[in-house]
1. Would region A:448-456 turn up any residue that is open to solvent by 30 Å² or more (accessible area, probe 1.4 Å), out of contact with any Phe, Trp or Tyr (no Cβ under 6 Å at 6 or more places or on another chain), free of Cβ contacts under 8 Å to residues at least 12 places away in the same chain and part of a loop (DSSP other than H, G, I, E, B)?
2. Any chance region A:269-280 includes a residue that's within 29 Å of B:LEU126 (Cβ to Cβ), at the interface with chain B (Cβ under 8 Å from one of its Cβ atoms), among the hydroxyl-bearing types (Ser, Thr, Tyr) and under 44 Å from the mean Cα position of the chain (by Cα)?
3. Can you pull out every residue in region A:183-212 that is hydroxyl-bearing (Ser, Thr, Tyr) and over 19 Å from A:GLY302 (Cα atoms)?
4. What is the one condition in (1) at pLDDT 85 or above; (2) surrounded by 12 or more Cβ atoms within 10 Å (Cβ to Cβ) that B:GLN65 does not satisfy?
5. In this structure, does A:GLY311 turn out to be within 13 Å of another protein chain (Cβ to nearest Cβ), at positive phi and not in a helix (DSSP H, G or I)?
6. If the requirement is being part of a helix (DSSP H, G or I), within 9 Å of chain B (Cβ to nearest Cβ) and open to solvent by less than 40 Å² (accessible area, probe 1.4 Å), which of these qualifies: A:VAL337, A:VAL391?
7. Could you pull out the residue among A:THR275, A:THR325, A:THR347 that is over 23 Å from A:SER183 (Cα atoms), among the hydroxyl-bearing types (Ser, Thr, Tyr), touching a Ser or Thr at 6+ places or on another chain (Cβ under 6 Å) and at pLDDT 90 or above?
8. Is there any pair linking a residue in region A:519-533 that is open to solvent by 10 Å² or more (accessible area, probe 1.4 Å) to one that is basic (Lys, Arg) and not in a helix (DSSP H, G or I), with Cβ under 8 Å and at least six apart or on different chains, and which?
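The values are calculated or read from the model by the stated rules, or taken from the named source; none is laboratory data. Computed from a prediction, not measured in an experiment: that's the story for all the values here. Please note: Cβ atoms are built from the backbone with ideal geometry, for glycine as well, and neighbour counts cover all protein chains shown. Accessible surface areas use protein heavy atoms only, side chains included; no ligands, DNA or RNA. Shrake-Rupley method; radii C 1.70, N 1.55, O 1.52, S 1.80 Å.
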Amino acid sequence: MSKKKLTPAIIKLVLGCIALAVAVIFAVMLGRFLNGEIPVKSPYRSGSLLFRYVFWLALSGIAALLLLGLGLREMIKSSKFNGMAKANGIELKEEKSHRLQDFFKKIGHGFVNFFKAIGREAKDIVMTFIHGDWKTKISYLVMGFGCFARGQILRGILFLLFEIVFIGYMVIQGGYWLSMLPSLGINEQLTNQYDPVTDSYIKVPGDNSFKILLYGVLTIFFIIAFLYTWRVNIKQNRIAEEILKSGKKLRSGKQDLHSLVDDQFHKTLLALPMTGIVIFTVMPIVFMILVAFTGYDGAHNGMNKLFHWEGLTHFNEILNWSSGTKSYSATFGEILVWTLIWAVFATFSNYFLGILVAMGINKKGIKLKKLWRTVLVMTIAIPQFISLMFVSKMFAKDGLINLFLLNHNIIQLGGELPFWEDPVWARVTVIIINIWIGIPYLMLIATGILMNIPADLYESAKIDGASGWKQFSKITLPYMLFITGPYLLTSFIGNMNNFNVIFLLTGGGPTNAAGSSAAGNAGYTDLLITWLYKITMGEEAKYYMASVIGIMVFVVVGVIALIVYNVLPSVKNEEDFQ
Amino acid sequence: MSKQDITYGTQKRHMGMRAAKTLSNTAVYIILAVISVIWLIPFVFIVLESFRCECHYQVGYIIPQKWGFTNYIELFQKTDFPKWYLNTFIIALFTAVIQTFIVLCMSYTLSRFRFKMRKALMQFMLILGFFPGMLTMIILYRVLKDIGLTQEHAVPGLILVYVASSGMGYYVSKGFFDTIPKSLDEAARIDGATRAQVLFRIILPLAKPIVIYTILTAFMAPWGDFVFAKYISFGASAGMNVAVGLNSFLSLDQIMNKYTLFCAGGVVVAIPVVILFLCLQRYYVEGVTGGAVKG
């Protein structure tokens, strides 16, 4: 394609790199500032300085992401590869200049549509009641009555059973949990109460905040499910009436069952997986989000001591800057910056080095391809915890490497290399070991994709006299980026939450030498996710803090994903692969 | 220029190119050799350390001074390792079966059916994935504890936790199902097959590679899981898996007597997994590359 198109891309890339550099500078400044290496004259100034650093860091970071993304996108579009992609029927979507705007519009439309839908439903419910016959009308109170009356016994039984169970549960249990939810318990457990019957001191159990919150959430889910079922029940009455009016027959119970393996088969298939997800993921997440607004911790575990709603206090604790020791906001800022730095390095170093290794193995004239590949693949097979723990001990102060160097008098006693003791050493070592862990995967992925690049692209490039580097930057890299864009995003998010590598290598350490001035016992290599773990396992076990951090992780990941999805060219159209 | 000169010139150029090629190939060979050594060395070390009998703590040399199987014997006779091994094996077996079933249900449905909430469902699960899974651990632990599925009885609890949310990992196999032409389904439907028959008679036989990939990854994951197993077994040795158990060998108070035992345990864990993996390597590679391409 023409060169004209490439220049704006290059300008954007260059600007993006500059923005990235600025962002890194501010990140470093911020880190130094948080470490207290930049002297602050007054506490008032400290807040504004922090604000300034964070502001510029965010601004330059977003600018870098946007510019680099757009630049890459344009480069890919203008490179030779695009023509080939078109020939293969994959077409890059025409660039929409207002994709982010569109996104916000979509959210707006979503809201409007949501309320419209509620209005429609309400209208439908009322209209069905007015126009429906007496069978339908009774169904409003006794679910499934219409089904019984019209001969659909199976459906009727299911509806009625559900209603009975629901009412029974609400009367016996649900009402209590729901009524306690606003206070999370009133009666504290009493110890050392005199019991005249047995003439001894006993414990009198009080309310249990944990159970109230848990069952309160469950009850709310149950109510929503009931409302939905009630609505379905009414809709079915209307549909049944319409079918009968048009002179057709209703489905029998047998036909209903048969449809579950035929045209309603997806419901059968989804039933089990979705139940698992709702019970073990959705409800726990809702619960944990609510915990962020309470005072649930190790001391106030709900049983021995009640906890209560505390509103936004804990969010304040993390977001409002305070420079004191053990302040969560300072520690949070520091760890967030390191988490992002780690994720960038871990993702991109693996990515590019993995591609290079794959290219080396795939190079024409290289023999024993299978051997090289098997050596690397074998390291994937060995469970990660073994290699991580072993390597962690290998680099320890009294580990293989230091002892070996001592034995050969390369270093002196007391002069051991501080792989895990020095913050900078630890961070660099972690990143390098992660390369060792990650390259085999990337090699596998890249090999598969490299083999798919049509050879005639390279042939024609050679005839045009393109050098090896040019071939790489103009054909291989754009192709790889185009195909693996979504993968890069997922692996970035995966690295942000890479618990195993950090925890098994360093345990988050080294911790601050000056008697751990970081909150939650955080160390220099702690990611947000390992910090979260430490907070829940520590003596104080501040579950609410862990929950706030979890929500923060969600926000950060969500923002990054949003930007990337809206900027990167995507091949995610599922129908393309048919 | 005479004709001879031209031939000479091209010859020279050819020779130059060939020389350059040999040179670059040699460089690649050297790099690959170095990489292979770096990647294999730690594993060679583990094996060598596991046969070292003169002492149980870390030393500064690699070749053992006294060879023997004492570490392995001690591992199986004096520690809870056999129990951990059995635990992990049971967990892996159940997880592999149930998780494969769930993932296939989910991915097949999302790939083949076009129902009303489909897109919304997929987006919802994508967003759900942004939450760190560890957060749910806090409440799951307390609930499982109330039911009595933690500490010594952690095995069923762990299976439940691994399996329950596995439906969210449908991406790779959905990508595979997307590549099976829909015309196959339609032809069978015209012949009168129900949806269920289409799945069991036509799609599943074609999906063998992805089924094997799913079983393999589901089986391997519990061998490496650390954090969930640690949380749920919570210090009770009888409920640990190999990762948590062997990690306890490296704690400050045990490492002096158990370091070489850890290496022996690592070897015992790795061997069956590696053999299984190498046998099924083809399917794994297919799954990983396919998954990355289709996101």
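1. no
2. Taking region A:269-280 as the starting set, the residues that turn out to be within 29 Å of B:LEU126 (Cβ to Cβ) are A:269-280.
Checking which are at the interface with chain B (Cβ under 8 Å from one of its Cβ atoms) leaves us with A:269-270, A:272-274, A:276-277, A:279-280.
Then keep just the ones that are among the hydroxyl-bearing types (Ser, Thr, Tyr); that gives none.
Within region A:269-280, not a single residue is within 29 Å of B:LEU126 (Cβ to Cβ), at the interface with chain B (Cβ under 8 Å from one of its Cβ atoms), among the hydroxyl-bearing types (Ser, Thr, Tyr) and under 44 Å from the mean Cα position of the chain (by Cα).
3. A:TYR194, A:THR198, A:SER200, A:TYR201, listed by residue number.
4. Of everything listed in (1) at pLDDT 85 or above; (2) surrounded by 12 or more Cβ atoms within 10 Å (Cβ to Cβ), B:GLN65 misses just condition (2).
5. No; evaluated as a whole, the condition is false for this residue.
6. A:VAL391
7. Values: A:THR275 fails: touching a Ser or Thr at 6+ places or on another chain (Cβ under 6 Å); A:THR325 fails: at pLDDT 90 or above.
Sole residue among the options that is over 23 Å from A:SER183 (Cα atoms), among the hydroxyl-bearing types (Ser, Thr, Tyr), touching a Ser or Thr at 6+ places or on another chain (Cβ under 6 Å) and at pLDDT 90 or above: A:THR347.
8. A:GLY520/A:LYS542
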